[in-house]
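One structure is given here, and the rest of the page talks about it.
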Amino acid sequence: MLETVELLERRTTTDVVFDHLHHDISSLKLLPGTKLSEAEVARQFGVSRQPVRDAFNRLGHLDLLLIRPQKATEVRGFSMERIAHARFVRVAVELEVIRRACDVWDDKRAEILEKNLDEQQHAIEFGKPEDFHALDYVFHKLICELGGSPMAIKTIRECKQKVDRLCALSLGREREGATLLLDHRSLAHALRGNEVESATAITRDHLGRLDKVIAEIRDNHSDYFE
């Protein structure tokens, strides 16, 4: 029983450390190249080094930390190769999600998606970019769930997270909402009409909007890349 309690406490502590570091790395509070010490992080949280080590390993598996034996752990830089792969996987998955969704889309599904679009519009009109980007994610999640591919959102989320950290370096993201909403409305219209070719073309163009942003970030922040 005691071992179970200790395991639960360790898992909970690891999650706290992981969540905190994941947020700081994803939001660029901790920039690529920042050195992290197990001992210092453990002191910061008032815990032993084991849960910190476990959190580090989880972050390493997400390509957020570079962990090397006998060397300092550091926040991992961006890799164009890994980013390109994440982009490739997301496009491939979302295109198949859309194809499947077109086969089953009906008025009931369209009404649910329309409510999300109205919320996106509201977020834009009231100048709430963070709310809009959260609703953007929900939009894609709804298409997965309503279209019969609920597990696909996990892959989409993982790919999205790899790119989101990079895009935090981009200026003016708060102004992109109106353009993305137009894409969303066009996609919703194509889904309502079960127009597979139109829906997949819109999706490809929509996801491709980041290509220029990524290239600009690479040119302006080369020091953060491996």
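Some notes on this structure:
- Among Y224, Y137, the ranking by other beta carbons within 10 Å of each residue's beta carbon, starting with the fewest, stands as Y137, Y224.
- For L28, neighbours were defined as the other residues whose beta-carbon sits under 12 Å from its Cβ, and their charges (Lys and Arg +1, Asp and Glu -1) total 0.
- Estimated distance in nm for a label pair at A168 and D19, the labels positioned 7 Å out from Cα along Cα-to-Cβ: 1.7
- The V91 and T12 beta-carbon pair, evaluated with R₀ = 30 Å, returns a calculated FRET efficiency of approximately 0.20.
- Here the gap between A110 and T34, fully extended at 0.36 nm per residue and compared with their Cα-Cα distance, gives a gain of 22.8 nm.
- Net charge over other residues, Cβ less than 13 angstrom from the Cβ of A215 (K, R count +1; D, E count -1): +1
- Dipole of segment 2-75 [Lys/Arg +1, Asp/Glu -1 at C-beta], most positive-end residue of Q50, L31, H61: L31
- Taking the Cα centre of the chain as origin and assigning +1 to Lys and Arg Cβ atoms and -1 to Asp and Glu Cβ atoms, the resulting dipole is close to 660 debye.
- Centre separation in Å (Cα based) which lies between segment 112-159 and segment 172-226: 13
- Length added when fully stretched, E216-S48, from 0.36 nm per residue minus Cα-Cα: 56.3 nm
- When the pairs K160/K212; K35/K71; K128/K154; K29/K71; K154/K212; K29/K162 are compared against a 19 Å limit on Cα-Cα distance, K128/K154; K29/K71; K154/K212 fall above it.
- Contact order for segment 2-75, expressed relative to its length and based on alpha carbon pairs under 8 Å spaced 6+ residues apart, stands at 37 percent.
The numbers here are math on the coordinates, done by the rules we state, and not lab data. The structure displayed is predicted, hence computed values, not measured ones. As a convention, Cβ positions derive from the backbone with ideal geometry for all residues, glycine included, and neighbour counts pool all protein chains shown.
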